[in-house]
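The values are calculated or read from the model by the stated rules, or taken from the named source; none is laboratory data. Treat the numbers as computed from the prediction; the structure is a model and nothing was measured. Cβ: placed from backbone, ideal geometry, glycine included. Neighbour counts: every protein chain shown.
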Amino acid sequence: MAELAEADYDALVLRFFQNHDLRNVGRALGVSEDTAQKRVAQPLRRRHHIYDARDGAGGIIGLVKSGGREKLFLAFIKGALRNHLICIFVASRSMSLNGPALASEITVNPAYQLTVNAWTMEDGLPGNAVLTLAPTRDGYLWVGTPNGLTRFDGVRFVRFHRWDGLTSLQIGELLEDRAGRLWIGTQEGGLMLREHGRFQALSRTNGFAEERVRQLAEDSEGRVWVADNEGLARWDGNRLMDMQMPHEKANQPGCNSVCCASNSVWAVGDDWALREWRNGRWQPGPKLQKPGFRFDKVFQARNGQLWSQTFPFGLARMEGGQWRLFGTESGLPGSYIRAVLDQGQDGFMCASLEHGLFLFRDERGSPVALNEGTERDGVHALQRDKLGNLWVGTSSRGLLRLRQPRVRVVPGSDHARLARMAFDDRGRFWIASFQGLWFEQGGKLVQVPPPPSLKQFGISVLKPCPAGGIWICMSGKGLWEYDPDRHAGPIQRLTGNKEDITGVLLTEDAAGGFWFGDEKGNIGRLMGQSTNLLGKLKWEGDHIVVGLLGDATGGVWARIEGTAMVRLDAQGKEIERVGARQGLPVNSIRCWLGDGEGGLWMGSPMGLYWWHKSRLLLFDERHGLPEEALANMVDDASGGLWCAANGRLFRLRKKELEAVAAQTASVLHPLLVGRSAGLTRLPFATGIAAGALRGPDGRLFFPRVWDAISFNPADFEKAEPAPKVLIEEVFADGRKMDPPGATDGPLKIPARTGDIAVRYTALECVAPETVQFRYRFEGLDEKWSEAGSLRLADFWRLAPGTYHFRVSASVAGGDWADPGASLAFTVLPAWYQTSWFRVLLAMLVAGGAAGFYWRRVSRLQAQRTAQQNFSRRLIESQELERKRIAAELHDSLGQNLLVIKNRADIAHKARASGAREEFGEISRVAGQALDEVREISQNLRPYQLDRLGLTRAVAGLVKKVGASSAVKCVADIAPLDKVFPPEAEINVYRIVQEGLNNILKHSGATEARVTLAHEPARVRLLIEDNGRGFDLPAATQRPERAGGMGLDGIAERVRILGGRLQIQSTPGGGTRLKIDLPAPTDGALKASSPRASLSAR
């Protein structure tokens, strides 16, 4: 363990681990937990800048080579992981002694380089062997493989099958003619033609009888020539015509290849003889002079010269009627050249069947310098699209795209993992890590040997020295200076504390000098060779200073581990600080930059923080940030902030950030850099471990875990042209819809369709992986819906109607395609959503409403009429009752009183002898008057109710009626006293009274019966007679014929009592009134009751 703790380290590994402890490390290494803490964790912290070790926990996987053997060891640090990255540098002395190459062998500026992007079966290819390619004018790339035919838009492969119309899946040849038709030659299914989105198989009826197509070509008149096993044929618009190519041997009738030159057609038969079709006839061509070589495929270069691929290797060019061979002596591979692509002045790109790609220019061949080698893989096809992309079909690596990169790997950076980089005042490039120190000289990277006192560099910071050369900060070894022009080796200027984790901290200030400090908080200024210690930072807790950043206003920012970012002025006095209290997760900050106004840009796993004018802002995916986990960033000095995150690189415009911060904009539009620009998805180093850099010429440098990349931001300033947007497919509930013709109108979507999906794409774009889409419904949406990189818009339950869908696209933050692509489609209505159904429904609703209104009005009018009639009859009844009372008072009581008056007068005037008789008459008349008054009072309010109770009052009423008329009246009355309240008893009495009056006046009956029965919850009243009866329905329709106020009065009183009235009557059959009254249990009748109903049986 002691040897391990003292080892020299030179590899970087970045890993996250949680919930581990040092006990597991101790068990793995055979030591105790305390020993693992002292001899593994602490040395690693001190040597390798584990700034957050005291607050967080992480794990380190390091590859240690000891004695020529590799073994894996783990080292863990106690605590909970607090959302930050721990960077550990791990290496051994054996790695530095056995490095991959000497520094003097590293070329800095390669003469020619192409980057390779590959697509294989994992990306959607039918197979990893690609036989033929055809970029078409609409922007697609068609790819033929032994396993099928696909169409590629730069991102997505669309595969075609036999059910799409293909006769074979072994595609060997592809050709797009000038009419835009795609010719497809198969290896077992003959010839096919794709036109207007449909496949057509050309069979014997079209003059084609062979199964295998060897080559396709188009002449100057637009006619397609087909070479097959049976010879050579030409398409005349309707069928293939046999061109009757002659053969030296009858058993070799096939044609191996065909080339359509300017004024003739060249063909090579199965006998390997070259023939020319000119002026309507065949003639032999010149032969190859070198034995063992034969013609393969003939082609005409852009300058008009005729060339041929020869077998078994090499090329041949026709010069003065003779063929000149170019083989291995010209630098070409000793392998069959499968395809050749003419690049004009740039020469030929040659596809070797066994040794990859070669460039043949100025009669010399050389392997193509690529960032990924293809020399061990065969190449079958080469094509260049209109954007300049070189497409390569290989034997086993799938489809490749080659292009000049805008993002390049810094040569030699793979020797300096997690590289610190700098440029000195002479423009020399420096690169360093824990593996060593290099500088550029004469196109090479020269390695600087470590000082004699050190076994190896442990460089944490590189900064240019104003006097020339470089400042070097080493972990625990202080500050050093080195200039190759002035020094024999690095010179130590400040000593360091071996216990320091960070070593000397160094950053430029605004005056051309440097701020320096240490982890204990000592801060000072470094000007030339002199130092000035200004003071010491103060904070609570056991924390350390882990970084310094010069402020454009003359001060400096200091990052205190787990505490805050502290800003000092030029004199070292604290101005402000930002930390957890302001919402900043200090330990999660991975990179930081000054904003030029005293603020800070800070990258974290949560997004981009901006401390500006005492305000903390966060930009994340809600604002359009492509990635939130920012690892590094640098200012390009042109208003752009370049950010690296999770293997992705993008640029943010500061003006857009300011607009979002001011809430005058809601979303950012970053410029994305992807694989099309030469960027591979490798993890970037964090700015805390190794910061990004802007070079003197404006190039930007970003360190990654295993290398570093560089690019010129000016190469991305020119906005990419808007791509061509195309709507590919429409699906209705998962079923593909056939696109409408140009004159067919909108696409018809069946009724009751739930899900409608529109698939679209962008073509003719230099960086398909950076394309962003947006769409909207014209006439319905004012704003665009941002789709990002999604190429599918999904809509659910659209209402019936016609929609105009429009989609637009932008490449890498460039201009949006205008007008983009549009699709009109009509969602057909179901029968219940049609206009005629709506009209019919509206008519029915209107008719129903009108009928309901008419019925309601009629009912109200009838009720009003009934109420008016009732009121009229009530008034008439009242008047009749008054008249009757008045008549009785006048005719009986009045006359009697008049008689009494007169008799009294006579008695007063008469003699005394006759007074006795007069007073006797007065007494009789007065008694009669008293009886009449009592009768009138009985009719107005029967006194028996109050004195005798309801039972005896009703019984007396029945008895009186029977005694005073010829009708025999019978009563069967149960005790009902106190069952009803007093105000209800009068109504019961009046009901019986009205019933008997109706019998006396209208029935002509000889017998009548009144029955009152008391049940637990109700009282039953039955009034019946054996009279003449009446027609109840007719009387109900004409109330004036229903017995005047008699029955209406009875019904009204029954309603008041909350009861139910039933009338049973037929002409000649008597009349029967059945009345059910509720018997209140609490002795009080409810005030509101349902209206009494009339019914008959």
Unmet criterion (only one of (1) farther than 30 Å from V410 by Cα; (2) in contact with an Asp or Glu (Cβ under 8 Å, 6 or more places away or on another chain); (3) among the aliphatic types (A, V, I, L, M)) for A767: (1)
In the set A793, A849, which member is within 30 Å of A722 (Cα to Cα) and either modelled with pLDDT of 90 or more or in a loop (DSSP other than H, G, I, E, B) (or both)? A793
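Results for (1) surrounded by 14 or more Cβ atoms within 10 Å (Cβ to Cβ); (2) more than 44 Å from the chain's Cα centre (by Cα); (3) modelled with pLDDT under 75, shown as yes or no for each residue.
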| residue | (1), (2), (3) |
| --- | --- |
| L828 | yes, no, no |
| Q868 | no, yes, yes |
| E879 | no, yes, yes |
| R903 | yes, yes, yes |
Taking the stretch 270-291, which residues are more than 14 Å from T310 (Cα to Cα) and among the small types (G, A, S)? G280, G285
So, in the stretch 231-274, how many residues would count as being small (G, A, S), touching a Lys or Arg at 6+ places or on another chain (Cβ under 6 Å) and assigned to a loop (DSSP other than H, G, I, E, B)? 1
Would you pick out the residues in the stretch 663-684 that are assigned to a helix (DSSP H, G or I) and more than 26 Å from the chain's Cα centre (by Cα)? A677
Output for the stretch 909-939, where each listed residue is more than 26 Å from L996 (Cα to Cα), among the polar types (S, T, N, Q) and at pLDDT below 70: S913
More than 17 Å from G1068 (Cβ to Cβ) and either buried (at least 18 other Cβ atoms within 10 Å of the Cβ) or modelled with pLDDT of 80 or more (or both): does that describe D1048? yes
Exception for A714 within (1) surrounded by 14 or more Cβ atoms within 10 Å (Cβ to Cβ); (2) of a type in the set (G, A, S); (3) not in a loop (DSSP other than H, G, I, E, B) falls at (1)
Residue in the stretch 952-983 that is surrounded by the most Cβ atoms within 10 Å (Cβ to Cβ), counting only those that are out of contact with any Leu (no Cβ under 8 Å at 6 or more places or on another chain), in a helix (DSSP H, G or I) and hydrophobic (A, V, I, L, M, F, W, C): A955
When the residues of the stretch 243-261 are filtered to those that are within 23 Å of L174 (Cβ to Cβ) and of a type outside the set (A, V, I, L, M), which remaining residue is farthest from the chain's Cα centre (by Cα)? G254
How many residues does the stretch 549-566 contain that are more than 41 Å from the chain's Cα centre (by Cα), surrounded by fewer than 22 Cβ atoms within 10 Å (Cβ to Cβ) and not in a loop (DSSP other than H, G, I, E, B)? 1
Kindly check whether there is at least one residue in the stretch 1053-1072 that is aliphatic (A, V, I, L, M), at pLDDT below 85 and either more than 18 Å from L945 (Cβ to Cβ) or in the same structural domain as N869 (by TED's automatic domain parsing) (or both). no
Would you confirm whether any residue within the stretch 651-662 is in contact with a Cys (Cβ under 8 Å, 6 or more places away or on another chain) and either in a loop (DSSP other than H, G, I, E, B) or under 21 Å from R590 (Cα atoms) (or both)? yes
Among the numbered conditions (1) within 43 Å of the chain's Cα centre (by Cα); (2) in the same structural domain as L216 (by TED's automatic domain parsing), tell me where L359 comes up short. (1)
Within the stretch 501-517, restricting attention to residues that are in a loop (DSSP other than H, G, I, E, B) and buried (at least 21 other Cβ atoms within 10 Å of the Cβ), which residue is modelled with the lowest pLDDT? I501
What strands (runs of 3 or more DSSP E) lie completely within the stretch 148-230 and have 3 or more residues being surrounded by 20 or more Cβ atoms within 10 Å (Cβ to Cβ)? 148-152, 171-176, 182-186, 191-195, 213-218, 224-228
Qualifying residue in the stretch 90-97 (condition: closer than 30 Å to W706 by Cα, of a type outside the set (D, E, K, R), assigned to a helix (DSSP H, G or I) and modelled with pLDDT of 90 or more): no
Please specify each residue of the stretch 984-1018 satisfying the condition of being buried (at least 18 other Cβ atoms within 10 Å of the Cβ), among the β-branched types (V, I, T) and in a strand (DSSP E or B). V1010
Pull up the stretch 1019-1034, narrow it to residues that are in contact (Cβ under 8 Å) with a residue 40 or more places away in the chain and either aromatic (F, W, Y) or surrounded by fewer than 18 Cβ atoms within 10 Å (Cβ to Cβ) (or both), then point me to the one that is farthest from I1050 (Cα to Cα). R1028
What number of residues within the stretch 756-785 satisfy the criterion of being outside any strand (DSSP E or B) and touching a residue at least 60 places away in the same chain (Cβ under 8 Å)? 7
